[in-house]
Amino acid sequence: MSLDIKRFLKNLKPFSELPEEELSYIAENSKLDYIPKDEVLIEENTIPDHLFIVLKGSFVLKKDGRIVELLEEGDYIADSSLILDQPYGFTVRATEDSIVIMIPAGVFRRIIQEHPDFKEFFTRTTINKLTEGYRNIQGVIDDISLMPLKDFNLKPPVFCTDTESIVEIAGKMSREGVSYCLVGSPSHLTGIVTDKDLKDRVLAKGLNPSQTTVSGIKTFPVETIESDRFLFEAVLKMIRKNIKRLPVVENRRVIGVVEDRDIFLHQSRNILYLADQIEVENRIENLRELYLQVEEAIEPLFKTGKDIEILQKYIAEINDRFVKKAVALAVEETGFEGDFTFIVFGSEGRKEQTINTDMDNGIIFTEGNPGEILQIGKKAVEILLKIGFPECPGRVMASNPEWVKSLQEWKKTVEDWITRPDPVNVMFTSIFFDFRPVYGEGKSAEELREHIFRLIEHNRNFLVMMTMKTLEFEPPIGFFREFIVEKTGEHRDELDIKKGGIFPIVQGVRILALENKIVETNTIDRIRKMREKIGKDLSDELIESFKFLQTLRLKNQLEKLKEGKKPDNYINPKKLSKFERDLLKDAFRVVKRFQEMLGVHFRLRV
């Protein structure tokens with residue numbers, strides 16, 4: 001019998017991580033017990049003398065006569081009571097004929113005393129478990145993206161003065177083996193000169209390097225980044241600013257420089273390389289090839305353990321490059337010279353795209369002929385479709401005149417949506433209110449957002465209606481913590497992880513962001529901004545639950561692509577490991593608590 005117990009424990013975390021001799025010791029001192037249906041295993045508020053592990057069957061936990069949880073194969077019973085040395089707060093009753101492994105309290109306590117990691121498994125919070133969960137799903141290898149810049153191998157900060165000649169600084173750059181020279185001092189930067197500046201601003205113009213000084217060719221102001229920022233933040237800043245290096249600052253002094261070429265060495269199919277290629281490419285067929293490379297790069301990036309938040313922001317920055325390029329080509333072809341802002345919304349606006357996300361975009365303009373601007377929208381969408389962007393089935397695109405309007409027309413439109421919050425208008429706001437500018441001047445987008453905030457301030461009923469709609473999407477988990485899956489049809493035995501988990505978080509956080517005038521559009525960024533409003537613990541749990549759900553969805557989508565299927569939002573819980581199923585239940589419980597908080601906040605629940 002001890003061999004059977006040992007064999008089971010070898011496949012059960014955290015026992016599977018114990019040394020062989022410890023497993024043998026536990027198995028030899030433990031026993032199996034049969035618990036018939038409806039028999040009570042532990043009475044509420046009693047001190048158990050064993051740790052119980054469900055080998056077969058199931059049990060319910062009851063508190064004050066109310067069922068609070070269902071325990072199944074592989075679940076632990078009474079672990080918290082033994083660790084804290086206090087009475088167990090639940091009655092445990094078998095719901096069917098069951099078998100448990102009984103590990104004596106003394107044996108369990110000795111193991112947790114001698115193996116801190118073993119004990120930590122039982123004392124982790126939901127946040128810790130969810131964090132470990134989405135990393136395990138990805139199969140983490142190594143990811144330097146979350147390395148603080150001060151720990152990265154920075155290039156030395158080489159300095160020069162405004163009066164030095166190009167010959168002098170070229171020699172200095174060559175001796176130091178760098179492609180730049182910082183103008184000024186560590187505490188006071190007044191510019192930067194790069195090897196590209198020497199070629200474009202001196203040699204290409206036929207200037208005499210001996211007679212040309214730094215002051216005539218330097219770039220100012222200089223973009224910098226703090227040393228405690230992560231490497232991925234430097235990558236995103238380089239892409240947004242279209243630069244190849246960033247001086248790193250600590251206590252207001254430059255301590256080094258991070259260059260794109262140094263990051264290239266650490267990541268295959270590098271995002272900076274792809275961004276650079278998109279920037280210089282004008283042929284649509286070549287842009288399509290680059291788009292396919294981005295899609296191919298997602299799985300390797302995912303498997304390196306790239307945090308889903310970082311991965312999605314990488315994808316968003318690259319997609320922004322494609323959108324900018326498409327609009328620029330459309331402007332060039334039409335010859336339009338007026339001001340307008342090309343905006344993206346939905347998951348694009350939130351920077352939360354994964355695979356084959358439909359495009360959602362539109363235009364805000366302040367001058368010019370509406371017909372000419374619509375032609376830009378149509379041409380830009382046509383180019384994006386040729387590049388490979390999926391078409392929005394609801395035609396929420398800049399090729400549709402409904403999504404191409406003047407600033408004043410947009411103000412009137414959003415006022416209609418907010419003051420008449422019927423189901424259709426609420427749906428439109430769910431799509432549109434995550435908008436952000438990608439091309440053109442962003443002032444009109446900022447003005448529109450401020451207008452929306454003012455309208456909502458005087459139309460609280462709109463937020464109440466949005467919340468009522470959000471509360472309709474309940475997590476697919478039943479009274480006994482069992483998953484609620486589709487009973488028939490194409491998705492039989494599957495559940496919609498977006499509808500039941502991701503959407504309620506996104507929508508609920510959006511509602512609170514609108515109420516609190518938060519300009520950020522990304523869901524996690526919004527939660528961080530509202531940490532005090534939502535509550536520290538719930539905020540942390542929401543972030544980790546959101547990451548876990550997004551990671552699980554992406555993993556499932558990648559698997560379906562491998563099988564030749566169209567990626568969607570449905571997953572089969574039976575195909576998940578027990579660890580993943582437990583964490584999915586934890587994440588859904590966090591969503592339920594968040595919905596309860598929203599319901600109380602807007603007085604829809606008591």
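Points worth noting:
- Relative contact order, whole percent, for the stretch 326-465 stands at 32, derived from Cα pairs under 8 Å and 6 or more residues apart.
- Exceeding the 31 Å Cα-Cα cut-off - candidates 196/237; 487/578; 63/306; 199/237; 62/578; 303/574: 63/306
- With the simple model of a label 7 Å out from the Cα in the direction of the Cβ, residue 443 to residue 110 spans 7.7 nm.
- Label positions at residue 11 and residue 187, each projected 7 Å from the Cα along the C-beta direction, are separated by 6.6 nm.
- In the stretch 1-46, inverting the average of 1/r over every pair of distinct C-alpha atoms gives 12.2 Å as the Kirkwood radius.
- Ignoring lysines fewer than eight residues from residue 411 along the same chain, the ones with Cα atoms less than 20 angstrom from its Cα are 443, 517.
- Annotation for residue 334 and residue 120: the two label points, set 7 Å from Cα along the Cα-Cβ direction, are 5.7 nm apart.
- Of the whole protein surface, residue 468 contributes about 90 Å² of accessible area at a 1.4 Å probe radius.
- Extension gain (nm, one decimal) between residue 28 and residue 605, 0.36 nm per residue minus Cα-Cα: 202.5 nm
- Scaled against the 2.2 N^0.38 Å expected of a compact globular protein of N residues, the Cα radius of gyration of the chain reads 1.15.
- Here the scattering of the stretch 341-419 is modelled by Debye summation over its C-alpha atoms, one equal scatterer each and no solvent; at q = 0.13, 0.25 Å⁻¹ the log10 of I(q)/I(0) is -0.40, -1.22.
- Exposure ranking of 232, 473 by accessible area [1.4 Å probe, largest first]: 473, 232
- Stretching the chain fully between residue 167 and residue 66 yields a gain of 28.1 nm (0.36 nm per residue, less the alpha carbon separation).
- Size descriptors for the stretch 395-522, from the alpha-carbon set: Rg then Dmax equal 17.3, 53 Å.
- Seen through its C-alpha gyration tensor, with square-root eigenvalues sorted a ≥ b ≥ c, the stretch 384-443 comes out oblate because a/c lies at 1.5 or above while a/b is not bigger than b/c.
- For the residue pairs 469/585; 119/498; 378/529; 218/351; 386/585; 10/529, the alpha carbons lie more than 32 Å apart in 119/498; 378/529; 218/351; 386/585; 10/529.
- Share of pairwise Cα-Cα distances greater than 17 Å in the stretch 157-238 is 48 percent (whole percent).
- Length gained on full extension, residue 369 to residue 420, computed as 0.36 nm times the residue gap minus the Cα-Cα distance: 15.4 nm.
- Partners for residue 379 among aspartates and glutamates (Cα-Cα distance below 12 Å; same-chain residues under 8 apart left out): 332, 333
The values are calculated or read from the model by the stated rules, or taken from the named source; none is laboratory data. Since we're looking at a predicted model, the values are computed, not measured. A quick note on method: Cβ atoms are made from the backbone with ideal geometry, for glycine too, and the neighbour counts reach across all protein chains shown. For the accessible areas, the whole protein counts, side chains as well, though only heavy atoms, and no ligand, DNA or RNA atoms are used. Shrake-Rupley method; radii C 1.70, N 1.55, O 1.52, S 1.80 Å.
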